[in-house]
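S.K.: Below you'll find the structure I mean.
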Amino acid sequence: MSLLPNWGFRNTVHATHSQETVKLPLKPTTTANLTDDKNITLENLIKTTVPELANNAKHTLSPMLFSGVLQNMYVAQIGASSYTKKFPVLFARKLYVINDEILDKLNADSSQRYSHLNAGQFSVDFAIGFYDGDKLSREQFVKRAEETLPDEYPKLHSNARYFEESEMDELFASWFTEKAPENEESLVVVVPGVGGGINEPQVRSLVYHLLQKGKHVAVINGRGCCRTPITTPYLTSGLHTDDLRYLVDLLHLKFPGKPLHLIGFSFGGVIITNYIAEEATAGNQDTITSVTSICKPEDFGGAYHHLDETLSGRAVFHKAITFFLMNMMKNNRKVLCDHLDFCDEDEILKDYKTFKTGRQVDDKYTCKFAGFPSATSYYFAISPILKTLKIKTPMLILNTLDDPLTGSNYPYFDVQTNPYLYMATCDLGGHYCFIQRDGDFWFTKAVTKFVDGFDNLVDCNGKVDDNGYAPKQTGFRDRVVLY
């Protein structure tokens, strides 16, 4: 790690992992070509398929954007519309409505698998292919977007429209094949940050590269996020993982045997980390094939302290986070205020104009949505740094030392303890940017290669060998239970 300021464009990767990472079962067809063994370690899988993520690997970023602050300000300035032509992916949106009938059916058994699934709705944007440039097809897509838009719903972002049930059935039918599971295209669920979705260039770039490799991609939007209006007084939070769990279970039912990968950006990385930690605790760690988090805040209290202490945090990024959070509150204030006694429309509109930090929003609203008395207690509960040792799914953690939003308080020692984890920390890249000379994002291609390498080499139905890894807390369980 350099002692100099994190400025420049020549980037270096620093890898952190246990001395012996988990052994992944190889497909029989790849064993002879790759190794005499029937397994490959997570470390060697990454070194073999994504050499860009090996320790001390080098790559270059845009010389004009020589700091994390500049990288993120550039992305915020150009917006997703500038990347619509560069990554011409078409999306089909489906609303998943959770009603009382569904809740009664899911809660009929005693497993409590969906103990925090609430009535309401969330949305998923399914990637349906590439726009080929034909003017007629473009006009038809725009026309159908107008026809399928629900009454009084906001217009979706470029190249996206609502799909009717019959159209979704046709899409899913095209995803299903009779081939053996190891030869099928995998499923990838992308979980964006709280202010993100298909409106973000980075998400569109990742989906574009995944589609080029034949993956089936779905981008899940939390309640109230990415122009998904709420119908009940529940917004997304770092602990609300049941919407993701519900989608994953539905996809497994619809496409049994297909590998399923999770990729989370920033706050989305928090959600998927909490989700897989919960699955591991419940003994369901085989639900997901692989997980990737990109620039997730490991310690929320530390991240906000970082914003408080930096000029860019105080002048730029506090305002951006506050805008995302309060805009979500403002857009959904009627439903919230009709049901919650701590929400008042006039107060929300006043706070929208006066709040300066995300901590103010979380302390007055978000913590109460999640059932906590303060933002501090909420941050403690959702911070992934407390879940690091619980994870039992092969996971790539990608982050940077010049992240202007989260800081660099990363769990190096815990990652070295957990054999399921591989953390690649880069000197530069900002908050999930890594913009290169051609305008594309370095990490989206690296993450795609990681997923593709898994699909090509690893038997997703085989058993992972973790050498009996089982972290335990043996003391003070009567006062606090962490493991």
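S.K.: Take the residues in region 271-310 that are in contact with a Phe, Trp or Tyr (Cβ under 8 Å, 6 or more places away or on another chain) and assigned to a helix (DSSP H, G or I); name whichever of them is farthest from Val458 (Cα to Cα).
M.R.: Once the filter is applied, the top-ranked residue is Leu307.
S.K.: Can I ask one more? Looking for something buried (at least 24 other Cβ atoms within 10 Å of the Cβ), over 30 Å from Gly453 (Cα atoms) and of a type in the set (A, V, I, L, M) - is there at least one such residue anywhere in region 396-409?
M.R.: yes
S.K.: Scan region 96-112 and tell me whether some residue there is under 19 Å from the mean Cα position of the chain (by Cα), closer than 19 Å to Val189 by Cα and either in the same structural domain as Gly429 (by TED's automatic domain parsing) or crowded, with 17+ Cβ neighbours inside 10 Å (or both).
M.R.: Taking every residue of region 96-112 in turn, at least one turns out to be under 19 Å from the mean Cα position of the chain (by Cα), closer than 19 Å to Val189 by Cα and either in the same structural domain as Gly429 (by TED's automatic domain parsing) or crowded, with 17+ Cβ neighbours inside 10 Å (or both).
S.K.: Restricting attention to region 217-231, and to residues there that are touching a helix residue (DSSP H, G or I) at 6+ places or on another chain (Cβ under 6 Å) and at pLDDT below 95, which single residue is surrounded by the most Cβ atoms within 10 Å (Cβ to Cβ)?
M.R.: It comes out as Gly224.
S.K.: Among the residues of region 350-405, how many are over 25 Å from Leu311 (Cα atoms) and free of Cβ contacts under 8 Å to residues at least 12 places away in the same chain?
M.R.: Total meeting the criteria: 7.
S.K.: Among the residues of region 133-146, is any in contact with a strand residue (DSSP E or B) (Cβ under 6 Å, 6 or more places away or on another chain) and hydroxyl-bearing (Ser, Thr, Tyr)?
M.R.: no
S.K.: Looking at region 419-428, is at least one residue closer than 30 Å to Tyr208 by Cβ and more than 20 Å from the chain's Cα centre (by Cα)?
M.R.: yes
S.K.: A follow-up question, please. Which pairs do you get when a residue that is at positive phi, found in region 286-309, comes within reach of a residue that is hydroxyl-bearing (Ser, Thr, Tyr), reach meaning Cβ atoms under 7 angstrom, with the pair 6+ apart or on two chains?
M.R.: Cys295/Ser266; Cys295/Thr400; Cys295/Thr406; Cys295/Tyr432
S.K.: Is it the case that some residue within region 166-181 is more than 28 Å from Lys85 (Cβ to Cβ), among the β-branched types (Val, Ile, Thr) and over 14 Å from the mean Cα position of the chain (by Cα)?
M.R.: Yes, region 166-181 has at least one match.
S.K.: Could you check region 346-366 and list, in sequence order, the residues that are of a type in the set (A, V, I, L, M) and more than 26 Å from the chain's Cα centre (by Cα)?
M.R.: Passing the criteria: Ile348, Leu349.
S.K.: So how many residues does region 232-276 have that are within 18 Å of Leu389 (Cα to Cα), hydrophobic (A, V, I, L, M, F, W, C) and crowded, with 21+ Cβ neighbours inside 10 Å?
M.R.: Of the residues in region 232-276, 4 are within 18 Å of Leu389 (Cα to Cα), hydrophobic (A, V, I, L, M, F, W, C) and crowded, with 21+ Cβ neighbours inside 10 Å.
Rundown of residues vs (1) out of contact with any helix residue (DSSP H, G or I) (no Cβ under 8 Å at 6 or more places or on another chain); (2) not charged (D, E, K, R), yes/no style:
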| position | (1), (2) |
| --- | --- |
| Lys319 | yes, no |
| Met329 | no, yes |
| Asn332 | yes, yes |
| Cys337 | no, yes |
| Glu347 | yes, no |
| Gln360 | no, yes |
| Asp363 | no, no |
| Lys368 | yes, no |
| Thr376 | no, yes |
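S.K.: Scan region 410-430 and give yes if some residue there is in a loop (DSSP other than H, G, I, E, B), within 17 Å of Ser266 (Cβ to Cβ) and among the polar types (S, T, N, Q), otherwise no.
M.R.: No, there is no match, as no residue in region 410-430 is in a loop (DSSP other than H, G, I, E, B), within 17 Å of Ser266 (Cβ to Cβ) and among the polar types (S, T, N, Q).
S.K.: Restricting to region 257-285, name every residue that is without any contact (Cβ under 8 Å) to a residue 60 or more places away in the chain and over 29 Å from His431 (Cβ atoms).
M.R.: Within region 257-285, Gly283, Asn284 meet the criteria.
S.K.: A further question on this structure: Looking at Leu396, Leu405, Leu421, which one is within 30 Å of Ala315 (Cβ to Cβ), in the same structural domain as Thr273 (by TED's automatic domain parsing) and either touching a Gly at 6+ places or on another chain (Cβ under 9 Å) or at pLDDT 95 or above (or both)?
M.R.: None of the other options fit; the residue is Leu405.
The values are calculated or read from the model by the stated rules, or taken from the named source; none is laboratory data. Keep in mind it's a predicted model, so treat the numbers as computed, not measured. Note: ideal-geometry Cβ built from the backbone for every residue, glycine included; neighbour counts use all protein chains shown.
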